[in-house]
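Asker: Have a look at this one.
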Amino acid sequence: MSYVEEVYAGLEAKHAHEPEFLEAAKRVLESIEPVVAANEEKYRSVNLLERLVEPERIITFRVPWVDDAGKPQLNLGYRVQFNSAIGPYKGGLRFHPSVNQSILKFLGFEQIFKNSLTGLPIGGGKGGSDFDPKGKSDAEVMRFCQSFMTELSKYIGANVDVPAGDIGVGGREIGYLYGQYKRITNLYEGVLTGKGLTFGGSLARTEATGYGLVYITDEMVTAAGKSVKDKVVVISGSGNVAQYAAQKMQQLGGRVVTMSDSSGYVYDPDGIKLDIVFDIKQGHRGRISEYADRVPAAEYHAGEKPWGVKCDIALPCATQNEINGEAARTLVANGCWCLAEGANMPSDSDAIDVYEKARVEKGFLFMPAKAANAGGVATSALEMSQNSERLSWTFEEVDSKLHDIMVGIYHKAADAAAKYGHEGDFVVGANIAGFEKVADAMAAQGIV
Ligand code: NDP
């Protein structure tokens, strides 16, 4: 049994009831096998992998709150402080009924490597609650957030652990959480990111994930001797990531022909008119079908995803598992030669097998989410820097740093893949590059 297999077997025996976490750990461990094999003695001597796969700390707590009818309610709260070798724990808070320890451990584990890849000093963590903000009044959400933060505030801090938003935690929730933290601790510090611009938020954070996705895609395409200019681009989703990926892609000369929501997709052969999408989605939270009502040349396909549309580049920016093996085969058969993941886990494992086969056979370019959508957390770390120096940078300053970070991530992933004999495999490259920095820091800090 290899060291990696040994560690995974131990994990499986200990945490059999955590399938999501086991799956994530298995995938990462398998892809770092080349670097582990090359450094086996060094890593074994300090129990490096055994320590890497166990969170430094998991905090679980009850979150009691009172609903608008005066009835007491109870939810569970969690914070998984996974790894602080390279900086304070950093990762989002998710409020969703599906939240449990296994899912948060899975997300926290992945976050370690994504954060490391950004090159910024941030460790990995994740947290949240099984609370569902959908259908709750503002006052209920506020009371919940205040109760949640009353307990969480004991374990976080600007130099300790800096949570952000995730599913179910947007600007409103971050505002309530921040207010309660300040009230309890009497500290005005950058303890959360994704804050409003009037209380320490960063310019360009809204655009960061979508812009970052296109910056890394452009770098990957250019390194392969091609260009995004005049290429046909299929985008799924029409939320935050999709809107700004489309905007940056158009600025670089790509022709974005689709956008979607959970009801269907629109196809505009002349190129999506983003002012109309912004008006529908940001203006009045409408459905994407409205686009086809307003643009005569566009078609609306109810209940379908856009993967059957012929394209050069695909950017899934909606949700998890939105591309299965069949959709991936259709994309490749129709001539798509590049795919970068804006959403988290948009491709299922069959789809990833299809990309890998296409990569080996014809140089298909695939950039996984861990690297491709790291622009969001990278800009959160830039928000921390601005908070620490009590200054606000201009949009251009933040955007230019984001651009450099994404270009850097591409090269780290490409170089690590090449160094360990997997040239062009950015899944392996991203995991190895993220892992190496954390492993070095852990080894240097002794058995802690
Ligand atoms: P939004 O909620 O703003 O947008 C999500 C989009 O995906 C909407 O158009 C939504 O349509 C669509 N969608 C949701 N569920 C489905 C579904 N089951 N089938 C088809 N379409 C669906 O989210 P974001 O843009 O912020 O996030 C998108 C993805 O990017 C997520 O995976 C997120 O985790 C990831 N991500 C986001 C970051 C960020 O900074 N925002 C950072 C890193 C990753 P509808 O309106 O109909 O629900």
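The values are calculated or read from the model by the stated rules, or taken from the named source; none is laboratory data. Since the structure is predicted, the reported quantities are computational estimates derived from the model, not experimental observations. When we count neighbours, we look across all protein chains shown, and the Cβ atoms used for this are built from the backbone with ideal geometry, even at glycine. Note: areas computed on protein heavy atoms with side chains; ligands, DNA, RNA excluded. Shrake-Rupley method; radii C 1.70, N 1.55, O 1.52, S 1.80 Å.
Asker: Using only the alpha carbons, work out the radius of gyration and Dmax of the stretch 307-364 in angstrom.
Answerer: Looking at the stretch 307-364, its Cα Rg and Dmax stand at 10.1, 28 Å.
Asker: Another question, then. Where the Cα atoms of the stretch 217-281 are projected onto their three principal axes, how long is each span, largest first, in whole Å?
Answerer: Largest first, the stretch 217-281 extends 36, 22, 19 Å along its Cα principal axes.
Asker: For ARG44, what charge total do you get from the other residues with a beta carbon under 10 Å from its beta carbon, if Lys and Arg give +1 and Asp and Glu give -1?
Answerer: -3
Asker: Something else about it: Count the net charge of all other residues whose Cβ sits under 9 Å from the Cβ of VAL427, scoring Lys and Arg as +1 and Asp and Glu as -1.
Answerer: Net local charge, VAL427 excluded: 0.
Asker: Amide H of ARG57: which non-local residues (sequence gap of 5 or more, or other chain) have their own amide H closer than 5 Å, using H built in the peptide plane?
Answerer: When sequence neighbours closer than 5 places are left aside, the close amide H contacts are GLN81.
Asker: Now for a separate question. For the stretch 276-353, build the charge dipole from Cβ charges (+1 Lys, Arg; -1 Asp, Glu) around the Cα centre, then report which of TYR300, GLY335, MET345 sits farthest towards its positive end.
Answerer: Checked the options; the winner is TYR300.
Asker: With the Cα gyration tensor of the stretch 304-448 giving a ≥ b ≥ c as the square roots of its eigenvalues, does the rule (a/c under 1.5 for rounded; else a/b larger than b/c for prolate; else oblate) give rounded, prolate or oblate?
Answerer: The shape class here is oblate.
Asker: May I pose another question? At a probe radius of 1.4 Å, what is the per-residue accessible area of ASP275, in Å² to the nearest 10?
Answerer: ASP275 exposes around 110 Å² with every protein chain in place.
Asker: Ok, one more. Would you calculate the convex hull of the Cα atoms in the chain and tell me its volume per residue in Å³?
Answerer: Dividing the Cα hull volume of the chain by its residues yields 145 Å³.
Asker: What's the percent breakdown of Cα-Cα distances in the stretch 166-257 across 5 Å bins, shortest bin first?
Answerer: Per 5 Å bin, starting at 0, the Cα pair percentages come out as 3, 12, 19, 17, 12, 10, 10, 8, 5, 3, 1, 0.
Asker: Per residue, how much space in cubic angstrom lies within the convex hull of the C-alpha atoms of the stretch 182-223? Please report the intermediate quantities before stating the final value.
Answerer: On the way: hull volume 3.2 nm³, N = 42.
Spelled out: Cα convex hull of the stretch 182-223, divided by residues, is 75 Å³.
Asker: May I pose another question? What order do LYS90, LYS305 take when sorted by accessible area (1.4 Å probe), most exposed first? Walk me through the numbers before you get to the answer.
Answerer: Numbers: LYS90 0, LYS305 120 Å².
Sorted descending by solvent-accessible area, the residues read LYS305, LYS90.
Asker: So, one more: Let's test the formula: R0 of 25 Å, r as the Cβ-Cβ distance of LYS134 and LYS71. What FRET efficiency results, to the nearest 0.05?
Answerer: Numbers: r = 18 Å, r/R0 = 0.72.
With R0 = 25 Å, the Cβ-Cβ based efficiency is 0.90.
Asker: On to the next question. Averaged across orientations, what area in nm² does the convex hull of the alpha carbons in the stretch 5-44 project?
Answerer: Result: a mean projected hull area of 2.7 nm².
Asker: Go through ILE167, ALA417, LEU49 and say which Cα lies farthest out towards the positive end of the charge dipole of the chain; charges sit on Cβ, +1 for Lys and Arg, -1 for Asp and Glu.
Answerer: ILE167
Asker: When the Debye formula is applied to the Cα atoms of the stretch 274-353, each taken as the same point scatterer, what base-10 log of I(q)/I(0) results at q = 0.17, 0.19 Å⁻¹?
Answerer: Values returned for q = 0.17, 0.19 Å⁻¹ are -0.78, -0.92.
Asker: Beyond 11 Å, what percent of the Cα pairs of the stretch 146-193 remain?
Answerer: Across the stretch 146-193, Cα pairs with separations above 11 Å total 63 percent.
Asker: Go through VAL377, CYS311, TRP393 and say which Cα lies farthest out towards the positive end of the charge dipole of the stretch 297-441; charges sit on Cβ, +1 for Lys and Arg, -1 for Asp and Glu.
Answerer: Among VAL377, CYS311, TRP393, the one farthest towards the positive end of the dipole of the stretch 297-441 is CYS311.
Asker: Let's see if you can work this out: charge +1 on each Lys and Arg Cβ, -1 on each Asp and Glu Cβ, no other charges. What is the dipole magnitude of the chain about its Cα centre, in debye to the nearest 20?
Answerer: That gives a dipole near 880 debye.
Asker: Based on alpha-carbon atoms only, what is the radius of gyration of the stretch 269-312 relative to the globular estimate 2.2 N^0.38 Å? Could the numbers behind the result be given before it?
Answerer: Details: Rg = 11.1 Å, N = 44, 2.2 N^0.38 = 9.3 Å.
Ratio of Cα Rg to 2.2 N^0.38 Å: 1.19.
Asker: Per residue, how much accessible area does the stretch 305-448 have with a 1.4 Å probe, in Å²?
Answerer: Result: 41 Å² per residue.
Asker: Taking H as built 1.01 Å from N, whose amide H comes closer than 5 Å to the amide H of ASP67, not counting residues under 5 places away?
Answerer: GLN73
Asker: Okay, next question. Please report how far the C-alpha centroid of the stretch 141-187 lies from that of the stretch 37-81, rounded to the nearest whole angstrom.
Answerer: Answer, in whole Å: 17.
Asker: Per residue of the stretch 299-313, in order, report the coupling 6.51 cos²θ - 1.76 cosθ + 1.60 (Karplus, θ = phi - 60°) as ³J(HN,Hα) in whole Hz, putting x for Gly and Pro.
Answerer: Per residue, the Karplus-derived 3J(HN,Hα) values read 10, 10, 10, 5, x, 10, 9, x, 6, x, 7, 5, 7, 8, 10 Hz.
Asker: Within the set of other residues whose C-beta is less than 15 Å from the C-beta of GLY283, count the net charge using Lys and Arg as +1 and Asp and Glu as -1.
Answerer: 0
Asker: Also: State whether the stretch 179-311 is rounded, prolate or oblate according to the following rule on the C-alpha gyration tensor (a ≥ b ≥ c being the square roots of its eigenvalues): a/c under 1.5 gives rounded; otherwise a/b larger than b/c gives prolate, and the remaining case gives oblate.
Answerer: oblate
Asker: Under a crude label model (7 Å from the Cα following the beta-carbon direction), how far is LYS362 from HIS422 in nanometres?
Answerer: Each label point is offset 7 Å from its Cα along the Cβ direction, giving 2.4 nm.
Asker: List the residue ranges in the chain for DSSP H helices whose C-alpha atoms run 15 angstrom or more along the long axis and whose Kyte-Doolittle average is 1.0 or above.
Answerer: Working: long enough: 3-14 (17 Å, -0.13); 19-31 (18 Å, -0.24); 101-117 (24 Å, 0.29); 138-152 (20 Å, 0.11); 171-185 (21 Å, -0.86); 205-223 (27 Å, 0.05); 240-251 (17 Å, -0.93); 349-362 (19 Å, -0.85); 375-389 (21 Å, -0.29); 395-419 (36 Å, -0.13); 426-444 (27 Å, 1.06).
Helices meeting the span and hydropathy rule in the chain are 426-444.
Asker: About the Cα centre of the stretch 56-147, what is the dipole size in debye to 20, counting +1 per Lys and Arg Cβ and -1 per Asp and Glu Cβ, all else neutral?
Answerer: Working: 12 positive and 8 negative charges, 47 e Å.
So the dipole magnitude of the stretch 56-147 works out to roughly 220 debye.
Asker: What's the FRET efficiency of LYS26 with LYS154 using the Cβ-Cβ distance as r and R₀ = 45 Å, to the nearest 0.05? Spell out each step's value before the answer.
Answerer: Working: r = 33 Å, r/R0 = 0.74.
So the FRET efficiency works out to roughly 0.85.
Asker: Can you give me the solvent accessible area of ILE184 with a 1.4 Å probe, rounded to the nearest 10 Å²?
Answerer: Around 80 Å² of this residue is reachable by solvent.
Asker: Tell me which residues come under 5 Å, amide H to amide H, from PHE366 once H is placed; ignore anything under 5 positions away on its chain.
Answerer: Residues meeting the amide H criterion: LEU339, PHE426.
Asker: Please list MET367, MET345 from largest to smallest accessible area, probe radius 1.4 Å, with all protein chains kept in place.
Answerer: On the way: MET367 0, MET345 70 Å².
Sorted descending by solvent-accessible area, the residues read MET345, MET367.
Asker: Taking all protein chains in place and a 1.4 Å probe, what share, in percent, of the accessible surface of the chain do carbon and sulfur account for?
Answerer: Solvent-exposed carbon and sulfur of the chain make up 51 percent of the total.
Asker: Between SER289 and PHE199, 0.36 nm times their residue separation minus their Cα-Cα distance comes to what?
Answerer: Additional length available on full extension: 28.8 nm.
Asker: Which sequence of GLU41, GLU396 reflects their accessible areas, 1.4 Å probe, from the largest down?
Answerer: Largest accessible area first, the residues go GLU41, GLU396.
Asker: Quick one: go through the stretch 419-441 and flag any residue whose amide nitrogen is under 19 Å from the point 7 Å out along the Cα-to-Cβ line of GLU41.
Answerer: Counting backbone N atoms under 19 Å from the label point, the list is 440.
Asker: Still on this structure: Listed here are the pairs LYS14/LYS71; LYS226/LYS357; LYS154/LYS412; which of them are more than 30 Å apart at the Cα? List each step's numbers first, then the result.
Answerer: Values: LYS14/LYS71 39 Å; LYS226/LYS357 20 Å; LYS154/LYS412 36 Å.
Over 30 Å Cα-Cα: LYS14/LYS71; LYS154/LYS412.
Asker: Still on this model: First measure r as the distance between the Cβ atoms of ASP353 and ASN186, then evaluate 1/(1 + (r/R0)^6) with R0 = 51 Å and state the FRET efficiency to the nearest 0.05.
Answerer: 0.45
Asker: What does the highest-first list of 168-176, 432-440 look like by mean Cβ count within 10 Å?
Answerer: On the way: 168-176: 19.4, 432-440: 22.4.
Peptide ranking by packing, descending: 432-440, 168-176.
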